[in-house]
Amino acid sequence: MLRCGPGRVVVTDGEAVGQVRVGGSRAGEVSSEAFDLRQEHEASERERRLARRRRLVEQLQGEGLLFVFVVVFVLMWVSSPYFFTKNNLLTAASVVSVLGIMAVVETLVVIGGEIDISVGSVMAATSVLIGLMVTSGWNVWLATVVGLLFAAGVGAVNGVITVYFKINSLVTTLGTYSIFLGLAYALSNTTTVSIGGEGFSVLGSGSVGSVPVPVFFFIGVWIVGAVLARHTAVGRHVYATGDNYDAAVRSGVQADLLRVGLFVAMGLASGLAGVIVTSELGSAAPQIGDPYLLSVVTAVILGGASLRGGRGTMVGTLVAVAILGVLQNGFALLQFSTYLEDTVLGTLLILAVLTDRLVRRAER
Amino acid sequence: MSGDTASAGPVLEARNVSRTFGSVIALSDVNLEVRPGEVVGLVGDNGAGKSTLLKILCGALQPSSGQLLVRGEPVTFHSPKDSRGRGIEVVYQDLALATELSIVENIFLGRERRRAGILGRAGFLDRAAMARDAKESLDSLAIEISDVEARCGLLSGGQRQAVAVARAVRWGSRVLLLDEPTAALAVMEADKIGGLVNEVASQGVGVVLVSHNMPQVHQLCHRILVLLRGRIVADLRRDEIKVEDIVMWITGAALASR
Ligand SMILES: Nc1ncnc2c1ncn2[C@@H]1O[C@H](COP(=O)(O)OP(=O)(O)OP(=O)(O)O)[C@@H](O)[C@H]1O
Ligand SMILES: [Mg+2]
């Protein structure tokens, strides 16, 4: 324990004593004050340089995304005469709204430091469940409500397993993804059940004026998400939880409850998406969720939310959803293979993650 | 100052506090008292148990045995929330700021101010009021940060430290617990934090200061407790010792020479 004799420790510089604690330093290693000051000067220079770089990269990330949107939009406009028509754009908006609804909530989940990849399977299971209830004579609205409750319940299961049993949410939701997709296919015997029901079809294929109803759902969910994220305490707590969980908890944030809440909201949004697609198709089918495994997460990451939590904006997600919407629509118009669409999505996802990486690196 | 503070009862007290982590005895039978306006230094080698003791004092950890008292009243802290309710604030060694949030948001994290009326009840924040308040807190401590809306991630180490201290001062009405608040700071900035500690204490707040900066501890603290492998081996009055004496106690040399 006697690391240094009393004679050697008489140093007036506080930092020098700091050296002692690093373990067994000899007198020769004790730094002079002048040296420390130079180091400090260099350190603050470095801080300033880093701060500049961070701001630059952040700008690139924000404005770069808009730029990508414009490029994709113009490309499609040039490539297809049908692209820039009112009808087509409204159709594209309607189609992408389903993705958008889930992306908004997924953004919050990711900002909170988690991820939910079970969304497509929850959609499918909700749809099949509603189909089963309707074929056995239930009122379609009642079936819808039960379906939504079921979806929220799956979210709660995801949340509780992740939060209270401390399982990585990627693993938890991969598990529930598989479980409910399997159930959806098994219970439906992979067949499609048609769902009529007066009024039910409005949810997916109705329109107000000429604007499709799903777009209103998306706008509504987006506004709620954006206001929540920016203007409420709960929103700030989500950011804090994902950014620095310990700091959030020490500050009195109910971080665990909040994370469960995020998963429940995610389940509910997936259920809503399932309801809308079911209504649009006029039938319940287990394969409706398939396109959303990849696209929801891609939209969120492309929008600038960080998989490490604490960072992300609703505006970013909105632009990313718009980009994916244009791509999706363009691929259909140009009659490209839908498989190729997956390839593009995957590429975008990787690029988005690399950008995030770049931003993070600029911070060190 | 220590003259009039001696007459008041302790605002925070730990009695026979022990804490183990598995087979590691981090604290054993520790007693500590802080009076209003008193600055108590807590020093010791790495791993001596200083942070553990501070975490117990604020409820971030629970003691394996022993009792805490606030103004003579026995208390049990299940979490920092409980201690905060009694005016005890802490600055952790690792700061515990959310770097993606702004300075204001960090100062008010978990204690956000809401708007008046219906919007407030719906959870809407009163950003303007919080910004004003945060600016005032920083100003009153002469902390120079021009933009309280700046993200904490953009601040220098010293500025972050200052924000963490300002937050604690803003809310800590009775006791301030500081775990190495100047460890990462330049000499000037460390002196500034020292000035803050004096200022806070003169307002009647009790302060427990953990630091490896012996000259600063000697300068700021009225009393200095020395932890050695989880035990308090010395309770030194500042007036009666020199800086070198503290170091001897920390290393155990003072014990060995007896
Ligand atoms: N959560 C924990 N789990 C297990 N052991 C712990 C834990 N926290 C602290 N310890 C142990 O308790 C002892 C005291 O640690 P503590 O962090 O209180 O030391 P310290 O005096 O603050 O040191 P430093 O000067 O390095 O900050 C150490 O042996 C440490 O390894
Ligand atoms: Mg410590």
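The values are calculated or read from the model by the stated rules, or taken from the named source; none is laboratory data. Computed from a prediction, not measured in an experiment: that's the story for all the values here. Because the Cβ atoms are built from the backbone with ideal geometry, glycine has one as well, and the counts that use them run over all protein chains shown. Quick note on the areas: whole protein, heavy atoms, side chains included, nothing else; ligands and nucleic acids left out. Shrake-Rupley method; radii C 1.70, N 1.55, O 1.52, S 1.80 Å.
Numbers below:
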| quantity | calculated |
| --- | --- |
| Inter-label distance for A:Lys166 and B:Gln93, nm, one decimal - labels placed 7 Å from Cα along Cα-to-Cβ | 2.0 |
| Probe 1.4 Å, all protein chains present, accessible-area order of A:Arg250, B:Arg15, B:Arg170, largest first | B:Arg15, B:Arg170, A:Arg250 |
| B:Leu42 long-range amide H proximity, modeled H, under 5 Å | B:Leu209, B:Val210, B:Ser211, B:Leu225 |
| Accessible carbon and sulfur surface of segment A:56-363 relative to its total accessible area, %, 1.4 Å | 71 |
| Net charge dipole size for segment A:56-363 [Lys, Arg +1 and Asp, Glu -1 on Cβ; Debye, nearest 20] | 380 |
| DSSP beta bridge pairing in the protein assembly as shown, given as percent antiparallel to the nearest 5 | 60 |
| Inter-label distance for A:Leu183 and B:His78, nm, one decimal - labels placed 7 Å from Cα along Cα-to-Cβ | 3.3 |
| Accessible surface, 1.4 Å probe, highest first, among residues B:Lys81, B:Lys50 | B:Lys81, B:Lys50 |
| Heavy-atom accessible surface of chain B: percent carbon and sulfur, 1.4 Å | 49 |
| Relative contact order [Cα under 8 Å, 6+ residues apart], chain B, whole percent | 26 |
| Among B:Ala168, B:Asn198, B:His212 the positive-end extreme of the charge dipole of segment B:115-258 (Cβ point charges) | B:Ala168 |
| Å² per residue, accessible surface of the protein assembly as shown at 1.4 Å | 44 |
| Positions from segment B:96-120 whose accessible area shrinks by 40 Å² or more when the full protein complex is built, not the chain alone, probe 1.4 Å | B:Ala96, B:Glu100, B:Leu101, B:Leu109, B:Glu112 |
| Heavy-atom accessible surface that B and A bury in contact, both chains counted, 1.4 Å, Å² to 100 | 3600 |
| Residue (of A:Leu354, A:Thr232, A:Tyr164) at the positive-pole extreme of segment A:56-363, dipole from beta-carbon charges | A:Thr232 |
| Inter-part distance where segment B:116-179 and segment B:181-245 are each reduced to a Cα centre, Å | 24 |
| Rounded to whole Hz, the Karplus (6.51, -1.76, 1.60) HN-Hα couplings of segment B:43-53, x for glycine and proline | 10, x, 5, 4, x, 5, x, 4, 5, 4, 5 |
| Magnitude of the charge dipole, segment B:1-108, Cβ model with Lys/Arg +1 and Asp/Glu -1, debye to 20 | 240 |
| With Cα atoms, 0 to 90° folded angle of helix B:157-171 axis to chain B main axis | 90 |
| Degrees between helix B:127-140 axis and first principal axis of chain B (Cα, 0 to 90, nearest 10) | 40 |
| DSSP beta bridges in chain B [antiparallel fraction, %, rounded to 5] | 55 |
| Largest to smallest accessible area among A:Glu63, B:Glu189, B:Glu112 [probe 1.4 Å] | A:Glu63, B:Glu189, B:Glu112 |
| Within segment A:282-305, backbone nitrogen closer than 18 Å to the virtual label 7 Å beyond the Cα of A:Asp342 toward Cβ | A:286-299 |
| Simple label model, 7 Å out from Cα along Cβ direction - A:Ala156 to B:Asn198, nm | 5.8 |
